[in-house]
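Read through the structure below, which is laid out as structure tokens, and then see the notes.
The values are calculated or read from the model by the stated rules, or taken from the named source; none is laboratory data. What you are looking at is a predicted structure, and each value in this text was computed from that prediction instead of being measured. Cβ placement follows ideal geometry from the backbone for every residue including glycine, while neighbour counts extend to all protein chains displayed. These accessible areas exclude ligands, DNA and RNA; they are computed on the full protein's heavy atoms, side chains included. Shrake-Rupley method; radii C 1.70, N 1.55, O 1.52, S 1.80 Å.
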Amino acid sequence: MGSSCVNLSRAVVLPAGNKPVGARRARYGGTGGVLLPLLSSPSRRHGNGACSSFSSTGGSRPPPTSFVPAVVHSRLGGGDRPGAAGAAGSTASVDHHQAGGIGIAEFLGAKNFLITGGTGFLAKVLIEKILRTNPDVGKIYVLIKAKDSEAALRRLQNEVVDTELFRCLQEIHGKDYDSFIARKLVPVVGDVREANVGIAPDLADEIADQVDIIVNSAANTTFDERYDVAMDINTVGPFRIMSFAQRFRRLKLFLQVSTGRVRVKLKLVFVLHFLCGLQASVLCLNMCLLSAADRAAYVNGQRQGLVLEKPFRMGDTIAKELGSSSSDSSEHKIPVLDMEAEIKLAFYSRRHLDDSPPFAQEMKDLGLERAKLHGWQDTYVFTKAMGEMVINSMRGEIPVVTIRPSVIESTWRDPFPGWMEGNRMMDPVVLYYGKGQLSGFLADPEGVLDVVPADMVVNATLASMAKHGGGAGSPGMHVYHVSSSTVNPLVFGELSRFLFQHFTRCPYSDAAGQPILVPPMRLFDSMEQFASYVETDALLRSARATASAPERPSSRARDLMCAKSVEQTVHLGSIYQPYTFYGGRFDNGNTEALFAAMSPAEKARFHFDVRSVDWTDYITNVHIPGLRKHVMKGRGVAAANQMLASTSV
């Protein structure tokens, strides 16, 4: 490691401990592990969506008769072995650039992967595409946060293997599906917040010996997370993973996916919704958008204009970039980003075992304060940017690819159109607008929402693997923006029209089965207008609720709760505003050059040219129907079905 590397072990020392190994040990395929039968699979439902015609390169080898995946138990704090081998493998590289292309499918053959955040939205799409592209891929070690091996196995089964996303793969392999999955997927109990990523020593040795590609997609994406929590996962986490990677004997590529997703707690929101109606929905909307958004390209902070695909280096700050171009920069001292000082501040500021709400809020405020000081919008993008700096400083001779997607939404066509899970970035807007609970939103009507379908992100990821993991190129740091704002922008004003057109044609139904009619969506280009709108609507709804349900809480209590919800909504809107009024556009020149290097067959099979997306068709005929099917599970569609039936010929 060169002198430019940050010494995180000196910045923060995390205690190590041991967990009891609760499962019996055995041998599997010549390697250490625990043999456990996978939970028996219920009969799988096959949806109506057609699977992509591009499935695999050929038949798989005859499967074994039993389904016995290797599962391992994690242990806290296992240190790196002294004298670990260097990062780069010594195997001869293979020329994958066949027929004028990159050789994506061929590259995957016999490769072994370690994927962190493997139960997340994007990682699942990636795993499915790898397995469907080349059934001769090696093992995929899926890092899963779980209390023990049995829990990890259940999570793999329930959250990955048996999801509808894998339906096409199930159809391809039929009765051999379970045995195929058993040979390929290895659930690994671990945690990026622990030394050696929390993996048990025996399996850590196996992974270090066998893995060719590391895909790190683990992250905490809550926009205003506690500074210590976000720092531990998004900044120190990559340090731990890269430290582990130094032991790998055949590592060909470290791929950082700067995105992720978390769940939010909405108990307060439901109470406010019961009391006040619309403004509680807007509060829920903002909370969902800000905490469940995949928005990695925004690690570029408050950069404006054309944002280039360039890596972060230790000490880079957006404030310094913006300050150097400002005419009055000499009047203001630009703060220096000292990574070790930030880590110490985050960890030493927390009080031991103090999880009280006031202290948690204090730590959240600290994160937002530090982010804005250095030019980032929020704690998430700030800590993710520092994580990229860590990876760049530690990479040595390891080739590194950083994939920065913008707002990731449902699949465009692969393995079938419209698949998604959970509420993505813009989905709460869609849901609450369609239900008649949201008719206005804080956004620049001429502003751009940078959206990209999930399958395009995965295809670009696989192409970058083949290009930089084959051993022919330099071991540098390569950045790809998978985004649409420069070549095919989706404007907020257009999005609002798409929503109105869809829900006018296919409305939701209310509890009585009647269609919910929605007005055209209003977009507010200032916080003052939005705050006035929220407050006025809250008062009107509160008055109507008091008149119609006098047995509910008193008018005074209702008004106080409404006032509080309005205050919170306006506060969250002020934090969300940098995204809906963001002036930057993400350059995707590297990504377009990558696509241009592919053969015609690869372009069809691994398509990620965002220029080809027709947003009207994607939003109205792919994304919203997918949202209603896979997230809403068909709820509230009676009126839509009746209206479609009455207008059909």
Open item on the list: Among the numbered criteria (1) surrounded by fewer than 21 Cβ atoms within 10 Å (Cβ to Cβ); (2) modelled with pLDDT of 90 or more, which one does ALA543 miss?
Closed with: (2)
Task: Unmet requirement for LEU462, which otherwise passes all of (1) within 30 Å of ARG628 (Cα to Cα); (2) assigned to a helix (DSSP H, G or I); (3) modelled with pLDDT under 95; (4) of a type outside the set (Val, Ile, Thr) - done: (3)
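Can you name every one of the helices (runs of 4 or more DSSP H) wholly within the range 151-232 that holds 3 or more residues which are of a type in the set (A, V, I, L, M)? Spell out the reasoning first.
Working: elements: 167-173, 177-184, 201-210, 227-230.
So the answer is 201-210.
Would it be correct to say that ARG154 is farther than 29 Å from ALA466 by Cα, touching a helix residue (DSSP H, G or I) at 6+ places or on another chain (Cβ under 7 Å) and among the charged types (D, E, K, R)?
It is false that ARG154 is farther than 29 Å from ALA466 by Cα, touching a helix residue (DSSP H, G or I) at 6+ places or on another chain (Cβ under 7 Å) and among the charged types (D, E, K, R).
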Task: Which listed residue, of THR461, THR504, is free of Cβ contacts under 8 Å to residues at least 24 places away in the same chain and within 27 Å of ASP614 (Cα to Cα) - done: THR504
- [ ] Check the range 596-604 and report whether any residue there is open to solvent by less than 40 Å² (accessible area, probe 1.4 Å), at pLDDT 70 or above and over 30 Å from GLY101 (Cβ atoms).
- [x] no
Open item on the list: So, in the range 409-438, exactly how many residues are open to solvent by 10 Å² or more (accessible area, probe 1.4 Å), over 16 Å from TRP615 (Cβ atoms), in a helix (DSSP H, G or I) and in contact with a Phe, Trp or Tyr (Cβ under 7 Å, 6 or more places away or on another chain)?
Closed with: 0
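Only one of ILE199, ILE181 is within 23 Å of ALA219 (Cβ to Cβ), touching a helix residue (DSSP H, G or I) at 6+ places or on another chain (Cβ under 9 Å) and open to solvent by less than 10 Å² (accessible area, probe 1.4 Å). Can you tell me which? Give the derivation first.
Details: ILE181 fails: within 23 Å of ALA219 (Cβ to Cβ).
When all the criteria are applied, what remains is ILE199.
Kindly indicate whether any position in the range 413-425 is over 30 Å from ALA538 (Cα atoms) and within 14 Å of the chain's Cα centre (by Cα).
Of the residues in the range 413-425, the ones over 30 Å from ALA538 (Cα atoms) are 413-421.
Next cut, within 14 Å of the chain's Cα centre (by Cα) only: 420-421.
Checked against the condition, which is being over 30 Å from ALA538 (Cα atoms) and within 14 Å of the chain's Cα centre (by Cα), the range 413-425 yields at least one hit.
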Task: Every residue from the range 106-136 that is in contact with a strand residue (DSSP E or B) (Cβ under 8 Å, 6 or more places away or on another chain), open to solvent by less than 10 Å² (accessible area, probe 1.4 Å) and in a loop (DSSP other than H, G, I, E, B) - done: GLY118
- [ ] Select from the range 220-235 the residues that are open to solvent by 20 Å² or more (accessible area, probe 1.4 Å) and either touching a helix residue (DSSP H, G or I) at 6+ places or on another chain (Cβ under 6 Å) or among the basic types (Lys, Arg) (or both) and list them in ascending order.
- [x] THR222, ASP224, GLU225, ARG226
